Amino acid sequence: MDQVILRHVTKRFTTKTLGDIVAVDDFNLSVHEGECFSFLGPSGCGKSTTLRMIAGFEDLSEGEIELCGRPVSIKEKNLYVPPEERGLGMVFQSFAVWPHMNVFDNVAFPLQIQKVNKTEIAQRVKEAMKHTSLTGLEEVFPSDLSGGQQQRIALARAIVTQPKVMLLDEPLSNLDPKLRETMRFEIKELQRKFNFTIIFVTHDQSEAMAISDRMMVCDMGKIMQIDTPENLYNRPNSRFVHSFLGESTFLNVVLQDGKVYAEGDVEHPLDLEIPGDADRRMVVATRPNSIDLAGPDGEGYPTKIKKRIFLTDRTEYLVPIGSQTLKIQVPHRISFAEGDACKVRFVSPMWYPAEDEAAEKERQRRQLV
């Protein structure tokens, strides 16, 4: 069953400095029951605005939203169900705990608003605190707790209402890296125990890939690709998705006389098979750890090591190809010194059109909204 459905959802803003902005442009997606579905993209891409429309904090400009089989927003019919009646659990970037309430009262607050009887409140709060490692802190005030403990209060307060859908808007971004890693696994464990559906908004690719069953990558208010983390990483459908997920190496190339040349070098062709729909100028994309680096007697494009960088789990080399510099990552057992001659060969690269400068300017403009 699909628990969250968006049909042709669009949101427009008008700003004094930037004029009209289509923050969300015709979003169509379905989130399955029990799924962890992440919205991923840079600032200004529309992910948080979409979450706010699902929550009911923003109205739609067009389209409709359905939650757990019930329409909650239909712009054409002027239907709008307020946030408190949508049955959602929500956790935000800021911990959003009440500083004048102790931990118990913070967690119990939504149940008190719903006028649940005191006996049931005590039982449900006790259960929520147990599953968020807060047992024994009932009388403590948030100011005496760490950031991780305060975020656990927010999680406990969200799950105490027993929601079918949980909305998480960058809930870990204010935590230190080690605690973020711990908390992302705790969130998945809570999902397993309580069987709720998660919509998780983040700009952190590693966070999204670690927690998600599927992800939506969006850019400039448009959905770029929806798929599993593995498929998005291994088969990105655009240069933007390729660059946003993991490290990427891009090489501008020119097609001439049936051969591929790196921009800035028309003497040494690259050993690449040209796709049928290629333009004269293209971009060859790959991951830095998916490029073969061999000695001068090996196969590939002849060049030399410009810079060597030793990292904990790999060695990184910078090599010139034409007028560009390519980053290559290899295991420590493959060792070169700066200035050594070498050969570079691309393994299963992807091809994209040349970079759209207008798109990059628009992307930067949206980050100001």
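The values are calculated or read from the model by the stated rules, or taken from the named source; none is laboratory data. Since we're looking at a predicted model, the values are computed, not measured. Positions of Cβ are generated from backbone atoms using ideal geometry, with glycine treated the same way; all protein chains shown enter the neighbour counts. When the accessible area is computed, the model is the full protein with side chains, heavy atoms only, and any ligands, DNA or RNA have been set aside. Shrake-Rupley method; radii C 1.70, N 1.55, O 1.52, S 1.80 Å.
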If we count every other residue with Cβ under 13 angstrom of residue 287's Cβ, Lys/Arg +1 and Asp/Glu -1, where does the sum land? 0
Write down the percent of antiparallel bridges among all DSSP beta bridges whose residues are both part of the chain, to the nearest 5. 75 percent
Probe 1.4 Å, all protein chains present, accessible-area order of 47, 115, largest first: 115, 47
The aspartates and glutamates whose Cα lies under 19 Å from the Cα of residue 343, excluding any fewer than 8 residues away in the same chain, are 263, 265, 267, 271, 273, 292, 297, 299, 316
Which value, in Å² rounded to 10, gives the accessible area of residue 182 with a 1.4 Å probe and all protein chains present? 60 Å²
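Once you sort the root eigenvalues of the Cα gyration tensor of the range 1-126 as a ≥ b ≥ c, which label holds: rounded (a/c under 1.5), prolate (a/b larger than b/c) or oblate (the other case)?
Details: a/c = 2.14, a/b = 1.65, b/c = 1.29.
In terms of gyration-tensor shape, prolate.
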Ratio of Rg to Rh over the range 108-252 (Cα coordinates, Kirkwood Rh, two decimals): 1.06
Accessible area of the range 280-333 with a 1.4 Å probe: how many percent of it is carbon plus sulfur? 49 percent
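Equivalent-ellipsoid semi-axes (√(5λ), Cα gyration tensor) for the range 22-64, whole Å, largest first? Present the calculation step by step, with values, prior to reporting the outcome.
Numbers: eigenvalues 59, 38, 20 Å².
Listed largest to smallest, the semi-axes of the range 22-64 are 17, 14, 10 Å.
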Once you have the Kirkwood Rh of the range 182-312 from its Cα pairs, apply Stokes-Einstein at 37 °C and 0.692 mPa s and quote D in µm²/s. 181 µm²/s
What is the pair-distance distribution P(r) of the chain, computed from all Cα-Cα distances in 20 Å bins starting at 0, with each bin given as a whole percent? 25, 46, 25, 4, 0
Please tell me the relative contact order of the chain in percent, rounded to the nearest whole number, where contacts are Cα pairs under 8 Å and at least six residues apart. 16 percent
Give the span of the range 260-358's Cα atoms along each principal axis, as three whole-Å numbers ordered largest to smallest. 39, 28, 22
Out of the trypsin sites (Lys or Arg not before Pro) in the range 10-46, which ones are loop residues according to DSSP with at most 16 other C-beta atoms within 10 Å? 16
Where N is the number of residues in the range 1-74, Cα Rg divided by 2.2 N^0.38 Å: 1.12
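Mind checking the per residue accessible area of the chain for me, 1.4 Å probe, whole number of Å²?
Details: 18230 Å² over 369 residues.
Ligands and nucleic acids excluded, the result is 49 Å² per residue.
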Any chance you could check the Cα centroid distance between the range 247-309 and the range 178-222 for me, in angstrom? 35 Å
Exposure of residue 218 as accessible area (Å², to 10), given a probe of 1.4 Å and all protein chains: 0 Å²
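Leaving out ligands, DNA and RNA, and with a 1.4 Å probe, what % of the accessible surface on the range 1-158 is carbon or sulfur? Walk me through the numbers before you get to the answer.
Numbers: 3840 of 7580 Å².
Ligands and nucleic acids excluded, carbon and sulfur reach 51 percent.
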MRE, 222 nm, helices only [DSSP H, n ≥ 4, -39500 (n - 2.57), over the chain, to nearest 500]: -7500 deg cm²/dmol
Mind checking which lysines have their Cα closer than 19 Å to the Cα of residue 130? Skip sequence neighbours fewer than 8 apart in that chain. 118, 188, 193
Would you kindly compute the Cα radius of gyration of the range 44-104 and its largest Cα-Cα separation (Dmax), both in Å? 14.1, 44
